[in-house]
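J.: One structure, pasted below without further comment.
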There are 2 protein chains.
Amino acid sequence: MENENTYSGVKEIARRAKVSIATVDRVLHNRTGVSEKTKKRINEIIKELNYQPNILASRLASKKVISIGVLIPAVSEETDFWEAPLRGIRRAESEIRQYGIQVHTFLFDLNNKRSFQEQSDLLLKTGVSGVLIAPSFIEEASTFAQECKRLKIPVICIDSNLPDTETLSYIGPHLSQSGYVGARLLTYRLQPDRKILFINISPEKESYNYIRIEEGFRSYFKDHNQLNDIVRIDLRDTDFLSVSKALLEAFQTHSEIGAIFVTNSRVFTIAKYLQEKGLTDIGLVGYDFIKENVVFLQNGTIDFLICHKPEDQGYRGVMSLYQNLVLGTSVEKAYFMPIDIVTKENEAFYQN
Amino acid sequence: MENENTYSGVKEIARRAKVSIATVDRVLHNRTGVSEKTKKRINEIIKELNYQPNILASRLASKKVISIGVLIPAVSEETDFWEAPLRGIRRAESEIRQYGIQVHTFLFDLNNKRSFQEQSDLLLKTGVSGVLIAPSFIEEASTFAQECKRLKIPVICIDSNLPDTETLSYIGPHLSQSGYVGARLLTYRLQPDRKILFINISPEKESYNYIRIEEGFRSYFKDHNQLNDIVRIDLRDTDFLSVSKALLEAFQTHSEIGAIFVTNSRVFTIAKYLQEKGLTDIGLVGYDFIKENVVFLQNGTIDFLICHKPEDQGYRGVMSLYQNLVLGTSVEKAYFMPIDIVTKENEAFYQN
DNA sequence: CTGAAAGCGCTTACAG
DNA sequence: CTGAAAGCGCTTACAG
């Protein structure tokens, strides 16, 4: 009387294949040192049993710690936007730490390309198994991603993507559709004869991202035969004084401005200007649920904030790497975040 | 030469307290059979080391399977709304199954209070450690929750709450604020001289939920001194014919209807009517991102859908129970879901 | 009231 | 190319 089926997992596989569990383990992890014959036999049994490894046991027994490198901008005095992804990253970290995953975070200065280089070098020296990156400096980030590829380290991008560079996944907004939604929101208060200011406040020149937003924005008006003039303004200097000056000029040049769209989180600068000048009748839509913006959302200066769940992006980024690295799960090439609409009325329960 | 600090976890605690790990385990889980003196000593060491148990090891060693009971409405031919929470529940289930958690789902018929009784009885017989419930039938659910309390089984409510009944947590919308947002959205297309139809289509009489939504809805108009007439219509029969008849009547009685608000996912019935009659100039706002509604959102008949992430509610509900039961984490008394605004433009990336 | 020992399902040297 | 054995950090009978 044989005892059958009393085993499960690797033990059962070993029993059926008449080998030791060490050999089963070798096959399970594609390690060398197993004859083709036994390998085949074991693989058949694995398939037959539809074997799913017990991750608990696996992580517990394995002393190996897997480390994930994160490379994102530091919070600056200008904006606390990057607080949110970091929060998500920390949350993910605390959930997977118990499984032996370490997260090493490297923060670079958004106004300093060198710091990006430095931090990315440091990251690589840490010897991580996977990388999460916000590729703010496209060229530099591209070079870095290529280096990772060479080292066979998977890379996931959040917030914006790396065109023409192969990465494991992109987690962030669908920019042109986001611009399209922005245009839609802007029209709620817009008279047909009014002009629109499309403002891009950023020290970066000609960013790929803003161009995609603008495409979507303009296509909304085209699709709906709305012929409002769209005046585009580019501002390299992000401080309030520079912005004020530019706005003053714009309002002098263009008399019939009915609404303003800002392509990023710096919309609060514009809101501040409008409030100071008492320009309450102008629609204003911009990006991101940051403290500075929410104040103006609450007092009605900003009509809508569009938001792409930055915290969630950080969380998902880390978790996707974890799943890919530890569980071997495949990851979607592109995960587009929802295009959230935040107003005065629903902001209290908004989840970043 | 003693080897120090070579141990960690329970072993280290045991070493320092000069007891066996079995005794440490007893203290860790508040089991009986430990003298006050050693108990105190061990607890001090636990605090000193800031000991965090390894859940991996704990769940692996423990043969105990923890089971969670779920009691929600079945998907009916009328609406597939409850598909979403179920999806979230299944997702949570698949994530925690590997830790030895079982989820038993019991579905009741929304048109049949008896089926609720039957399913809740069945659930209790299964001997679950925690319960997730959608308390559609308030009285019956209340009785059930009280029974759970007696049995010391924690209960979490999703979608709607159980007033006056003590539960571990509520995960769902802040209803009055949601109504407030709905009113806001309705006014984008509303002329000051037009009337509003506030429609409640539900076989249930005078539901607590709809009253909260109406409160919020009306307070928006009060807050903004908008004096539009709000005509409330209650429909017990949910089929298209009954609804059509009621609408026909309403439009005959009230000539100046400018917008319609529907308090739940049955807004598609109204949309169908408006479309058939060619009433394109009437604003329409309702609830829930279900297939039937999205069609009308896409073709412009419905202006906005408000949504409270039903899938996420199911997911969070199960995960909260898991955290409470397995990890002993405390759970927030009320977790209000975001009040999402879904339009034609952003629906493609909406996450339920 | 307390402890020694087996075991959860894996991984990892080590030996052959 | 393969296996025996120890061990990951806990829990659980069982014995005293």
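J.: Quick check on my filter: what residues within region B:11-50 are buried (at least 16 other Cβ atoms within 10 Å of the Cβ), within 8 Å of DNA strand D (Cβ to nearest atom) and either basic (Lys, Arg) or within 14 Å of chain A (Cβ to nearest Cβ) (or both)?
T.: The one that is buried (at least 16 other Cβ atoms within 10 Å of the Cβ), within 8 Å of DNA strand D (Cβ to nearest atom) and either basic (Lys, Arg) or within 14 Å of chain A (Cβ to nearest Cβ) (or both): B:Arg26.
J.: Continuing with this model, one more query. Here is a check on your reading of the model: is A:Arg212 under 24 Å from the mean Cα position of the chain (by Cα) and either small (Gly, Ala, Ser) or surrounded by 15 or more Cβ atoms within 10 Å (Cβ to Cβ) (or both)?
T.: Judged against the criteria, A:Arg212 is a match.
J.: Also, quick follow-up: For region B:180-203, which residues satisfy the criterion of being surrounded by fewer than 19 Cβ atoms within 10 Å (Cβ to Cβ) and free of Cβ contacts under 8 Å to residues at least 40 places away in the same chain?
T.: B:Pro192
J.: Is at least one residue of region B:314-337 touching a His at 6+ places or on another chain (Cβ under 7 Å) and not aliphatic (A, V, I, L, M)?
T.: Yes, there is a match, as at least one residue in region B:314-337 is touching a His at 6+ places or on another chain (Cβ under 7 Å) and not aliphatic (A, V, I, L, M).
J.: Taking region A:303-336 as the region of interest, how many residues are out of contact with any Ser or Thr (no Cβ under 9 Å at 6 or more places or on another chain) and of a type in the set (A, V, I, L, M, F, W, C)?
T.: Selection size over region A:303-336: 5.
J.: Give just the number: which of (1) in a helix (DSSP H, G or I); (2) touching a helix residue (DSSP H, G or I) at 6+ places or on another chain (Cβ under 8 Å); (3) not small (Gly, Ala, Ser) does A:Lys245 not satisfy?
T.: (2)
J.: Looking only at region B:40-55, decide whether some residue is near DNA strand C (Cβ under 8 Å from one of its atoms) and either under 30 Å from B:Glu93 (Cβ atoms) or touching a Phe, Trp or Tyr at 6+ places or on another chain (Cβ under 8 Å) (or both).
T.: Going residue by residue through region B:40-55, those that are near DNA strand C (Cβ under 8 Å from one of its atoms) are none.
No, every residue in region B:40-55 fails to be near DNA strand C (Cβ under 8 Å from one of its atoms) and either under 30 Å from B:Glu93 (Cβ atoms) or touching a Phe, Trp or Tyr at 6+ places or on another chain (Cβ under 8 Å) (or both).
J.: Specify which of the listed residues (B:Tyr287, B:Tyr273) is among the aromatic types (Phe, Trp, Tyr) and in contact with a strand residue (DSSP E or B) (Cβ under 9 Å, 6 or more places away or on another chain). Before the answer, list the steps.
T.: Values: B:Tyr273 fails: in contact with a strand residue (DSSP E or B) (Cβ under 9 Å, 6 or more places away or on another chain).
Sole residue among the options that is among the aromatic types (Phe, Trp, Tyr) and in contact with a strand residue (DSSP E or B) (Cβ under 9 Å, 6 or more places away or on another chain): B:Tyr287.
J.: Next up: Of the conditions (1) more than 20 Å from B:Leu60 (Cβ to Cβ); (2) modelled with pLDDT under 90, A:Ile42 clears all except one; give me its number.
T.: (2)
J.: May I pose another question? Report the residue count in region A:321-352 for those that are polar (S, T, N, Q), under 23 Å from A:Glu95 (Cα atoms) and at the interface with chain B (Cβ under 8 Å from one of its Cβ atoms).
T.: Total meeting the criteria: 1.
J.: Let me ask another. Kindly establish whether B:Asn352 is buried (at least 17 other Cβ atoms within 10 Å of the Cβ), touching a helix residue (DSSP H, G or I) at 6+ places or on another chain (Cβ under 8 Å) and part of a helix (DSSP H, G or I). Before you say what the answer is, go through the steps one by one.
T.: Details: buried (at least 17 other Cβ atoms within 10 Å of the Cβ): yes; touching a helix residue (DSSP H, G or I) at 6+ places or on another chain (Cβ under 8 Å): yes; part of a helix (DSSP H, G or I): no.
So B:Asn352 does not fit the description; no.
J.: Does B:Ile96 satisfy the condition of being more than 13 Å from every other protein chain (Cβ to nearest Cβ) and touching a helix residue (DSSP H, G or I) at 6+ places or on another chain (Cβ under 9 Å)? Let's see the steps before the verdict.
T.: Numbers: more than 13 Å from every other protein chain (Cβ to nearest Cβ): no; touching a helix residue (DSSP H, G or I) at 6+ places or on another chain (Cβ under 9 Å): yes.
No: the conditions fail for B:Ile96.
J.: Which one of these is assigned to a helix (DSSP H, G or I), over 19 Å from A:Leu327 (Cβ atoms), of a type in the set (A, V, I, L, M) and away from DNA strand C (no atom under 16 Å from the Cβ): A:Ala84, A:Ala14?
T.: Details: A:Ala14 fails: away from DNA strand C (no atom under 16 Å from the Cβ).
So the residue among A:Ala84, A:Ala14 that is assigned to a helix (DSSP H, G or I), over 19 Å from A:Leu327 (Cβ atoms), of a type in the set (A, V, I, L, M) and away from DNA strand C (no atom under 16 Å from the Cβ) is A:Ala84.
J.: Any residue in region B:106-117 that is touching a Leu at 6+ places or on another chain (Cβ under 7 Å) and in contact (Cβ under 8 Å) with a residue 40 or more places away in the chain?
T.: No: region B:106-117 contains no residue that is touching a Leu at 6+ places or on another chain (Cβ under 7 Å) and in contact (Cβ under 8 Å) with a residue 40 or more places away in the chain.
J.: Looking at region B:216-227, is at least one residue in contact with a Leu (Cβ under 6 Å, 6 or more places away or on another chain) and either at pLDDT below 95 or surrounded by 14 or more Cβ atoms within 10 Å (Cβ to Cβ) (or both)? Please lay out each step first, then the result.
T.: Filtering region B:216-227 down to residues in contact with a Leu (Cβ under 6 Å, 6 or more places away or on another chain) leaves none.
For region B:216-227, residues in contact with a Leu (Cβ under 6 Å, 6 or more places away or on another chain) and either at pLDDT below 95 or surrounded by 14 or more Cβ atoms within 10 Å (Cβ to Cβ) (or both): absent.
J.: Looking for something assigned to a helix (DSSP H, G or I), within 8 Å of DNA strand C (Cβ to nearest atom) and not assigned by TED's automatic domain parsing to the domain that holds A:Val326 - is there at least one such residue anywhere in region A:60-75? Spell out the reasoning first.
T.: Of all residues in region A:60-75, those assigned to a helix (DSSP H, G or I) come to A:60-61.
Still in the running and within 8 Å of DNA strand C (Cβ to nearest atom): A:60-61.
If we keep only those that are not assigned by TED's automatic domain parsing to the domain that holds A:Val326 as well, we get A:60-61.
There is at least one residue in region A:60-75 that is assigned to a helix (DSSP H, G or I), within 8 Å of DNA strand C (Cβ to nearest atom) and not assigned by TED's automatic domain parsing to the domain that holds A:Val326.
J.: Then there's this: For region A:297-314, check the following and say yes or no: at least one residue is of a type in the set (Ser, Thr, Tyr) and closer than 18 Å to A:Glu93 by Cβ. First the steps, then the outcome.
T.: As a first pass, look at region A:297-314 and keep what is of a type in the set (Ser, Thr, Tyr): A:301.
So of that shortlist, the ones also closer than 18 Å to A:Glu93 by Cβ come out as none.
So far as region A:297-314 goes, no, none of its residues is of a type in the set (Ser, Thr, Tyr) and closer than 18 Å to A:Glu93 by Cβ.
J.: Anything in region A:194-223 that is of a type in the set (Ser, Thr, Tyr) and either assigned to a helix (DSSP H, G or I) or within 14 Å of chain B (Cβ to nearest Cβ) (or both)? List them, or say none.
T.: The initial filter retains those residues of region A:194-223 that are of a type in the set (Ser, Thr, Tyr), namely A:202, A:207-208, A:210, A:219-220.
Passing the criteria: A:Tyr208, A:Tyr210, A:Ser219, A:Tyr220.
J.: Would you check if A:Tyr188 is at pLDDT below 95, among the hydroxyl-bearing types (Ser, Thr, Tyr) and closer than 25 Å to A:Ala250 by Cα? Even if it seems obvious, please write down each step before you answer.
T.: On the way: at pLDDT below 95: yes; among the hydroxyl-bearing types (Ser, Thr, Tyr): yes; closer than 25 Å to A:Ala250 by Cα: yes.
Yes.
J.: Output the residues belonging to region B:125-141 that are in a helix (DSSP H, G or I) and surrounded by fewer than 16 Cβ atoms within 10 Å (Cβ to Cβ). So that I can check it myself, show each step before the final result.
T.: Taking region B:125-141 as the starting set, the residues that turn out to be in a helix (DSSP H, G or I) are B:125-126, B:138-141.
Those that are in a helix (DSSP H, G or I) and surrounded by fewer than 16 Cβ atoms within 10 Å (Cβ to Cβ): B:Lys125, B:Thr126, B:Glu139.
J.: Within region A:272-285, can you find the residues that are touching a Gly at 6+ places or on another chain (Cβ under 8 Å) and crowded, with 19+ Cβ neighbours inside 10 Å?
T.: Passing the criteria: A:Ile282, A:Gly283, A:Val285.
J.: To continue, here is another question. From the list A:Glu95, A:Glu36, A:Glu48, which one is at pLDDT below 85 and not assigned by TED's automatic domain parsing to the domain that holds A:Arg266?
T.: Details: A:Glu36 fails: at pLDDT below 85; A:Glu48 fails: at pLDDT below 85.
Just a single option satisfies the conditions, and that option is A:Glu95.
J.: If you check A:Gln177, A:Gln102, which single one turns out to be in contact with a strand residue (DSSP E or B) (Cβ under 9 Å, 6 or more places away or on another chain), at pLDDT 95 or above and surrounded by fewer than 22 Cβ atoms within 10 Å (Cβ to Cβ)?
T.: Details: A:Gln102 fails: at pLDDT 95 or above.
Exactly one residue qualifies, and that residue is A:Gln177.
J.: Of B:Leu284, B:Leu279, which residue is part of a strand (DSSP E or B) and more than 11 Å from chain A (Cβ to nearest Cβ)? Step through it out loud before you land on a result.
T.: Working: B:Leu279 fails: part of a strand (DSSP E or B).
Answer to the check: B:Leu284.
J.: Need the failing condition index for B:Tyr170 against (1) over 13 Å from the mean Cα position of the chain (by Cα); (2) among the hydroxyl-bearing types (Ser, Thr, Tyr); (3) within 14 Å of chain A (Cβ to nearest Cβ), just the number.
T.: (1)
J.: Name, by its number, the condition in (1) within 14 Å of chain B (Cβ to nearest Cβ); (2) within 11 Å of DNA strand D (Cβ to nearest atom); (3) β-branched (Val, Ile, Thr) that does not hold for A:Ile55.
T.: Of the numbered conditions (1) within 14 Å of chain B (Cβ to nearest Cβ); (2) within 11 Å of DNA strand D (Cβ to nearest atom); (3) β-branched (Val, Ile, Thr), the odd one out for A:Ile55 is (2).
J.: Of the conditions (1) in contact (Cβ under 8 Å) with a residue 24 or more places away in the chain; (2) within 21 Å of A:Pro135 (Cα to Cα), A:Val231 fails just one. Which one is it?
T.: (2)
J.: Which residue is nearest to the other protein chains (Cβ to nearest Cβ), if the candidates are limited to region B:305-320 and must be part of a helix (DSSP H, G or I) and among the hydrophobic types (A, V, I, L, M, F, W, C)?
T.: B:Met319
J.: Let me ask something additional. Filter region B:17-39 down to the residues that are over 28 Å from B:Gln98 (Cα atoms) and assigned to a helix (DSSP H, G or I), then identify the one that is nearest to DNA strand C (Cβ to nearest atom). Working first, answer last.
T.: Of the residues in region B:17-39, the ones over 28 Å from B:Gln98 (Cα atoms) are B:17-20, B:32-39.
After this cut, where a residue has to be assigned to a helix (DSSP H, G or I) as well, the list is B:17, B:36-39.
Working: B:Ala17: 8, B:Glu36: 7, B:Lys37: 7, B:Thr38: 4, B:Lys39: 7 Å.
Filtering region B:17-39 for residues that are over 28 Å from B:Gln98 (Cα atoms) and assigned to a helix (DSSP H, G or I), the one nearest to DNA strand C (Cβ to nearest atom) comes out as B:Thr38.
The values are calculated or read from the model by the stated rules, or taken from the named source; none is laboratory data. Keep in mind that what you see is a predicted model, and the values were worked out from it rather than measured. Here the Cβ is made from the backbone with ideal geometry for all residues, glycine too, and neighbour counts use every protein chain on show.
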